[in-house]
Amino acid sequence: MDRMVRVTVNDRTVEVPGGTSVMDAIFHAGYDVPLFCAEKHLSPIGACRMCLVKTGSPRKGPDGQFILENGQPKIFWMPKLSAACITAVSDGMVIDTLSDEVKHAQSGMVELTLFNHPLDCPTCDKGGACELQDRSYEYGLVEKFYQPDPMELPLYTRFEMTRRHVDKHHTLSPFIVLDRERCIHCKRCVRYFEEIPGDEVLDFIERGVHTFINSEDDGLPSNFTGNIVDICPVGALLDQTARFRARNWEYDSTETTSMDDACGAAITVDARSGLLERIRAAERREVNEVWISDAARFGHQWVNENRVCTPLVRRDGKLVEATWDEALKAIRQGLDGVAPADVGVYLAGNSTLEEGLAALELTAALGTAHRDFQGRTAYPTTGFAPASFEELLDAEFVLVLGEPTEEAPTLHLRLSEYIRGLKPAAKLNHGTPFADLNIKERMPRLNHKLALFSAYPTPTARWAGASAVHAPGAEAALLAALLGEAEAPAGLGEPLAWVKARLAASQRVVLVLGAGVLNQPEAAIKARQLAERSGARVMCMTPAANARGLEALGLFPGKGGAGWTEAGPRAVYYAYLPTEAQLKAAAFRILHLTHRHPLAEKYADVVLPNQTAYEKRGHTLNLEGRVLPLEPAGINNGEADGAVAALGLLAEALGVKTPVRLVRQATRLLVEKHKLPAALERWLPKSTGWTATEADATTGTLYLRPTMWRREQRVGAVARVVEIKLEMSPATARSQGLADGYLVELALPEGVERLEVKTVAGLPDGVMYVPALGAWAGRRVEAKILVGGEA
Amino acid sequence: MGFFDDKQDWLRGVFAQYPDTPQGRRAALMPMLRRVQQDEGWISPERQEEIAQILGTTATEVAGVMSFYSYYQALPTGKYHLQVCATLSCAIGGADELWDELVQELGILRGDVTPDGLFSIQKVECLGSCHTAPVVQVNDEPYVECVTKARLHALLQGLREGKRLEEIVLPGKVGHEVHVRGEEVGV
Ligand code: SF4
Ligand code: FES
Ligand code: FES
């Protein structure tokens, strides 16, 4: 850490690390300073001039001694006010934020900033949560300067002019709308795109008073566009999925954990009148800092529609609404005569640890080996020693096998910090610095610290010193070459030689593995050997959000049990929608669902109403092994309840006793018996003893490539952004008799889908790609094209 | 065909002037824009995209830099592109009235070119000659300073007659006619 320096803010003297900005020293001392352009984790640039303060420092004379005045070091004040966000503190500095000179300057800046602002707060979604409103209220219009006479009304501005009028409803993408009149040119959004995701899709156009924000790229191509809505200090950038839904103070806000991927980003869920209306990023320094992916933010419109709100039982061949008691009766009847060992329990991949424990206790009591969770990879993630994000930033070399922007979006953003050589942000009295002077615009990317190989082109590759797109399934051969067991696959000789040398030369290595590797035991075992040999820690980008936690508890099939991709037991409980073949194979099916679905109408004997991840209480484990809390948001879901309650019902129907009937009981048991630590700590239980149970899960020529979007999220605005196409190289298309725009019917694990063919130059030949949109990510299946033809 | 396809040697020369890093490569943006502007009179979206491709950046980034400088044109221009400074000093000095006069006289707005292909007009930010406001600049030529309506008409007239800029005499107070360059006639 830097040397500590003493600074005096008004009347308080504090110590801060050298290199801290004056702005953060002021906050650290407990005083306030207004700001618009500074923002956590972004470079301070001094654009808005709102944070003007007066600073002075002692000076040394030619004799090397402080120049004194009345026995004290004399303070030499800067001749003009300085912007606190871009000025570094120095030892002995004195900062004044309260004098008339400072207040006058700050209120003048508010006046100037409001000069061209439309002041349409009553119709602005940001109203009530707007930094410009707050700062104008606190720092604008100091009566002393703006009220010529106590008997007169204050002057609101000294200027009289027509305000600038520009585009007020400019749609940047289906998710984001821009109001150019409201923009105050703080440049936060522009800096954000360059610095955080590294997608330079937004920039200032023109100059001076004509400056506006624009993008030449259609629809902001980036997986991380939504964060600009959070950081825009005014209502210029707004969330289209939550437009005009409520005033900010009407929302019922809940901070919880995003179960959209295995990173466990913190989110704030805003509900109103029982409907989920908006999701924003929440701060979790250890994990997502203040950023989230677009899937975590905008993929919520499905939650409110078409919900299952009461249990449904089958009567006369039809599903009809019922009470939980009637459901219990129906289950009891249906399970009559079924051996306990012939009951299968299958949880969703985003289940909580509490639900996992309930499933485990129940299946143990039943003596059944049929248990699993959806999206479990063929090789256990618990087989790898996990790295934390802090360790990632500290690494000397990172090798990625996969696509972080799709598989674990938060990880891409942390890699962005890593590749710029940044360390975890300092923690001051007020938390993360608002103006961290270590962060600069356009920092050089330290490409020698990263290598990336993936089965599909990925934006993260642009930071890698060596990278390549390989055919899906080539991971094992690639890792074998790195282990020195085999020759490098064709075309990869040079990059792999570079990686080998970098691995040998680096002390702290982190390995990032995608679903493509984890679903291929042969490759995963090699990855483990490589990790052991290079002392690397590993981050597993699992398709299931809580894969590490559920695996650590032991929720995988016992000996002879059927896994989540197989059919097997006679009676089944699924907390998600399984494949049609699996439903067909079972004799009695309980589906625990959040939404109605034709397959459920066709096959389910009993449907229980489930909670979405936004409605659950409990805990999850992210890919670092960090315990993260889930809090239920105020969403109206009727009589829905989680798997703990549903499995309790099942236990009752089967006449077995389990120690877990309530979520709180489960939490207590986790803490007492399984030594689950407090939230934000890491839980790294010893290996569960499970090694690969599945044969190679990935053969076939159709690769289900990972995507950050899940199938159920494809409604509303998301449906306009996420297109599902069957992609392949032009040569592959020719050999298959296909061409761009052809329509084909394709048999996928989750059913038959009608897709358009799209050729993409540069994709490996001989394979086809289709977005997996969920649990099947990283697997390969046989490409079964049923019918095809020109559109 | 790309604009730079047959200018690879030139490109190499430009890149050689900057460090061999991603940042260094981006520094070539300005010379590349200038080259296109000089050769083609404007920088079309296709050219912007081409430059972005070569530099490994986005078209947005190119547009951002380009639009900051009034020298670069995103729309086709006439033979004489008249740029009227509209920032503070010139605004106070009557730039708006000059602009209206131009619009009236030429019958075009920003983005148009007169049917004879001679003129196009644009308001620009401070040209850095505030003490001689209002200022008009024709193409890349030296400024026309202290522009009045009478001087503007003389300027247009001169250009229409095909005179070179330095040949055009602008009216001033009687006995103070000046060349565009600013020297008094006869001095
Ligand atoms: S749109 Fe918002 S974030 Fe972007 S520059 Fe304008 S005010 Fe700042
Ligand atoms: S100048 Fe904008 S916050 Fe300091
Ligand atoms: S304002 Fe016109 S030249 Fe400066």
task: Would you kindly find the accessible area of residue A:5, with a 1.4 Å probe and non-protein molecules such as ligands, DNA and RNA excluded, rounding to the nearest 10 Å²?
output: 0 Å²
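Run the accessible area of the range B:80-167 with a 1.4 Å probe and give the carbon-and-sulfur part as a rounded percent.
Details: 2060 of 4070 Å².
Its accessible area is 51 percent carbon and sulfur atoms.
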Test item: A:513-519 mean partner chain Cβ contacts at 10 Å: 0
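Got a sec? What order do A:181, A:160, A:485, A:753 fall in by accessible area at 1.4 Å, biggest, i.e. largest, first? Mind showing how you got there, number by number?
Working: A:181 10, A:160 180, A:485 100, A:753 45 Å².
Most to least solvent-accessible, the answer reads A:160, A:485, A:753, A:181.
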message: Rolling a 1.4 angstrom probe over the protein chains, ignoring ligands and nucleic acids, what is the accessible area of residue A:500 in square angstrom, nearest 10?
response: 90 Å²
message: How would the range A:96-214 be classified by its alpha-carbon gyration tensor: rounded, prolate or oblate, with rounded meaning a/c under 1.5 and the a/b versus b/c comparison settling the rest?
response: prolate
task: Could you give the size of the charge dipole of the range A:389-536 about its Cα centre, using +1 on the Cβ of each K and R and -1 on the Cβ of each D and E, expressed in debye and rounded to the nearest 20?
output: 480 debye
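Based on Cα coordinates alone, diagonalise the gyration tensor for the range A:698-787, multiply each eigenvalue by 5, take square roots, and list the semi-axes in whole Å, largest first.
Values: eigenvalues 83, 44, 31 Å².
Equivalent-ellipsoid dimensions as semi-axes: 20, 15, 12 Å.
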- line: As straight-line cross-link partners of residue A:168, the qualifying lysines (C-alpha separation under 23 Å, not fewer than 8 residues apart within one chain) are A:126, A:187, B:123
task: Quick one: divide the alpha-carbon radius of gyration of the protein assembly as shown by 2.2 N^0.38 Å and tell me what you get.
output: 1.09
- prompt: If you place +1 on the Cβ of every Lys and Arg and -1 on the Cβ of every Asp and Glu, how big does the dipole about the Cα centre of the range B:7-68 come out, in debye to the nearest 20?
  reply: 200 debye
- line: With no solvent term and unit scatterers on the alpha-carbon positions of the range B:80-167, Debye gives log₁₀ I(q)/I(0) at q = 0.17, 0.22 Å⁻¹ of -0.63, -1.08
- prompt: Fully extended, how many nm does the chain gain between residue A:760 and residue A:145 (0.36 nm per residue separation, minus their Cα-Cα distance)?
  reply: 215.1 nm
task: Note down the nm distance, to one decimal, between modelled labels 7 Å out along Cα→Cβ at residue B:140 and at residue A:448.
output: 4.1 nm
task: Report P(r) for the range A:248-300: all Cα-Cα distances, bin width 10 Å, range 0 to the bin holding the largest distance, values in whole percent.
output: 28, 54, 18, 0
statement: For residue A:325, the accessible surface traced by a 1.4 Å probe with all protein chains present amounts, in square angstrom to the nearest 10, to 110 Å²
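So for the range B:80-167, averaging the separation of alpha carbon pairs under 8 Å that are six or more residues apart and normalising by length, what relative contact order in percent results?
On the way: 126 pairs, mean separation 29.7, N = 88.
Relative contact order for the range B:80-167 comes out at 34 percent.
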task: Over the protein assembly as shown, average the accessible area per residue using a 1.4 Å probe and give it in Å², no decimals.
output: 41 Å²
- line: Long-range amide H partners of residue A:278, meaning residues 5 or more apart or on another chain whose placed amide H is closer than 5 Å, are A:270
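Using only alpha carbons, build the gyration tensor for chain B and give me the equivalent ellipsoid semi-axes, biggest first, whole Å. List each step's numbers first, then the result.
Values: eigenvalues 250, 57, 51 Å².
Output for chain B: semi-axes of 35, 17, 16 Å.
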task: Could you pull out every Cys in chain B that lacks a partner Cys with its beta carbon under 4.7 Å away?
output: B:126, B:130, B:146
statement: Taking r as the C-beta separation of residue A:532 and residue B:20 and R0 as 41 Å, the FRET efficiency to the nearest 0.05 is 0.60
message: Taking beta carbons within 10 Å but only from partner chains, what does the mean come to for residues A:207-219?
response: 4
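Just to check, using Stokes-Einstein with a Kirkwood Rh over alpha carbon pairs, what's the diffusion coefficient of the range A:402-456 at 20 °C and 1.002 mPa s in µm²/s? If you can, show how the numbers build up before the last one.
Details: Rh = 13.1 Å.
So the translational diffusion coefficient is about 164 µm²/s.
Would you tally the net charge around residue A:186, using a Cβ to Cβ cut-off of less than 10 Å, leaving residue A:186 out, and scoring K and R as +1, D and E as -1? Don't jump to the answer; show the numbers that get you there.
Values: positive: A:187, A:188, A:191; negative: A:39, A:131.
With Lys, Arg at +1 and Asp, Glu at -1, the net is +1.
Can you give me the relative contact order of chain B as a percent, contacts being Cα pairs under 8 Å and 6 or more apart?
Working: 264 pairs, mean separation 26.0, N = 187.
Relative contact order, chain B: 14 percent.
Report the extension gain between residue A:164 and residue A:734 in nm, rounded to one decimal, defined as 0.36 nm multiplied by the number of residues separating them, less their alpha carbon distance. Walk me through the numbers before you get to the answer.
On the way: separation 570, 0.36 × 570 = 205.20 nm, distance 5.54 nm.
Here the answer is 199.7 nm.
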task: For chain A, just give the cysteines left without a disulfide-compatible partner, judged by no other Cys Cβ under 4.7 Å.
output: A:51, A:85, A:121, A:124, A:130, A:183, A:189, A:232, A:263, A:309, A:540
message: Roughly how far apart, in whole Å, are the Cα centres of the range A:3-76 and the range A:373-406?
response: 41 Å
message: Given bins 10 angstrom wide, list per bin the percent of all Cα-Cα distances in the range A:425-483, short to long.
response: 19, 31, 23, 18, 10, 0
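Using only atoms on other chains, find how many Cβ atoms lie within 10 Å of each Cβ of peptide B:61-67 and report the average. Intermediate values should be presented prior to the final figure.
Working: counts 7, 2, 7, 13, 3, 2, 9.
The shielding value for this peptide is 6.
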statement: Placing each pseudo-label 7 Å from Cα in the direction of the beta carbon, residue A:471 and residue A:80 end up separated by a distance in nanometres of 6.5 nm
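Restricting to Cα pairs below 8 Å that are 6+ residues apart, what does the relative contact order work out to for chain A? Please round to a whole percent. Please report the intermediate quantities before stating the final value.
Working: 1794 pairs, mean separation 108.9, N = 791.
Relative contact order of chain A: 14 percent.
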message: Counting only protein heavy atoms and a 1.4 Å probe, tell me what percentage of the range A:751-791's accessible area is made up of carbon and sulfur.
response: 48 percent
- prompt: For the range A:669-686, what does the Karplus curve 6.51 cos²θ - 1.76 cosθ + 1.60, with θ = phi - 60°, yield as ³J(HN,Hα) per residue in whole Hz, taken in order and with x for Gly and Pro?
  reply: 5, 4, 6, 6, 8, 9, 6, 5, x, 5, 4, 6, 7, 9, 10, 10, x, 4
query: Let a ≥ b ≥ c be the square roots of the eigenvalues of the Cα gyration tensor of the range A:171-214; is it rounded (a/c under 1.5), or, if not, prolate (a/b larger than b/c) or oblate?
result: oblate
- line: Site residue B:160, offset 7 angstrom along Cα→Cβ, radius 15 Å on amide nitrogen, limited to the range B:106-124, gives B:106-108, B:114-120
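Roughly how big is the A-B contact, given as buried accessible area in Å² (both sides, 1.4 Å probe, nearest 100)? Don't skip to the answer; put the middle values down first.
Details: alone 31480 and 10170 Å², together 40320 Å².
That pair hides around 1300 Å² of surface in total.
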query: Under 5 Å between amide H atoms, partner at least 5 residues away or on a different chain: which partners does residue A:216 have, H built in plane at 1.01 Å?
result: B:60
field: Label-point gap, in nm, between residue A:672 and residue B:110 - each point 7 angstrom along Cα→Cβ
entry: 7.3 nm
- request: Could you sort out which of A:60/A:80; A:40/A:74; A:616/A:657 sit more than 26 Å apart by Cα distance in this structure?
  value: A:40/A:74
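Classify the range B:7-68 as rounded, prolate or oblate from the Cα gyration tensor: take a ≥ b ≥ c as the square roots of its eigenvalues, call it rounded if a/c is under 1.5, otherwise prolate when a/b beats b/c and oblate if not. Don't jump to the answer; show the numbers that get you there.
Details: a/c = 1.86, a/b = 1.27, b/c = 1.47.
Since a/c reaches 1.5 but b/c is at least a/b, the shape of the range B:7-68 is classed as oblate.
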query: To the nearest 0.05, what FRET efficiency results for residue A:70 and residue B:150 with a Förster distance of 41 Å applied to their C-beta separation?
result: 0.05
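The values are calculated or read from the model by the stated rules, or taken from the named source; none is laboratory data. This structure is a prediction, so every number in the text was calculated from the model and none was measured. Methodologically, a virtual Cβ is constructed for each residue, glycine included, from the backbone with ideal geometry; neighbour enumeration extends over all protein chains shown. Keep in mind that these areas ignore ligands, DNA and RNA; they rest on the heavy atoms of the full protein, side chains included. Shrake-Rupley method; radii C 1.70, N 1.55, O 1.52, S 1.80 Å.
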